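S.K.: Sharing a structure, written as structure tokens. Questions coming.
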């Protein structure tokens, strides 16, 4: 893993929870401290959407109909959450001089995050880890960053 300079930011997140961790140590001894936690309740789609999928006609006059795909409210909310967290990350980068950013997120959330991040934030990223570390305590996250 890339060495983390003092005050580097480590983003650990998925579609429902995100942590902003700051390296209070140096590039030799990482000492992550929690700066900010984002967490949202995002129930499964079947608890959020109650309408049945609509039906559409294939073409006028044919009389054939087909079902439309049901909206995945859970997935949609995960996209929105990632966009909000990306905006908050941009704010942190603009507020203070962040020397480097490391991102740890599951592949799907990582892809959403790449799309949502501003170019100024992307320029600070020194490493990405395609793992969900949101359920781990900070000391275990430190170990994952070193492996």
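S.K.: Assess whether residue 20 counts as being modelled with pLDDT of 55 or more, surrounded by 11 or more Cβ atoms within 10 Å (Cβ to Cβ) and in contact with a strand residue (DSSP E or B) (Cβ under 6 Å, 6 or more places away or on another chain).
M.R.: When the stated conditions are applied, residue 20 passes them.
S.K.: Show me the helices (runs of 4 or more DSSP H) entirely contained within the range 85-147 in which 3 or more residues are touching a residue at least 40 places away in the same chain (Cβ under 8 Å).
M.R.: By residue number, 107-116, 138-146.
S.K.: Checking residue 103 against (1) closer than 15 Å to residue 12 by Cβ; (2) modelled with pLDDT under 95, which single condition isn't satisfied?
M.R.: (2)
S.K.: Tell me which residues, restricted to the range 109-127, are in contact with a helix residue (DSSP H, G or I) (Cβ under 8 Å, 6 or more places away or on another chain), surrounded by 15 or more Cβ atoms within 10 Å (Cβ to Cβ) and farther than 13 Å from residue 9 by Cβ.
M.R.: 109, 112, 113, 114, 116 - these are the residues of the range 109-127 that are in contact with a helix residue (DSSP H, G or I) (Cβ under 8 Å, 6 or more places away or on another chain), surrounded by 15 or more Cβ atoms within 10 Å (Cβ to Cβ) and farther than 13 Å from residue 9 by Cβ.
S.K.: For residue 72, are the conditions met, namely being modelled with pLDDT under 90, closer than 21 Å to residue 128 by Cβ and exposed (fewer than 15 other Cβ atoms within 10 Å of the Cβ)?
M.R.: No, not satisfied.
The values are calculated or read from the model by the stated rules, or taken from the named source; none is laboratory data. All of these numbers come straight from a predicted model, not from anything done at the bench. No Cβ is skipped: glycine too gets one built from the backbone with ideal geometry, and neighbour counts run over all protein chains shown.
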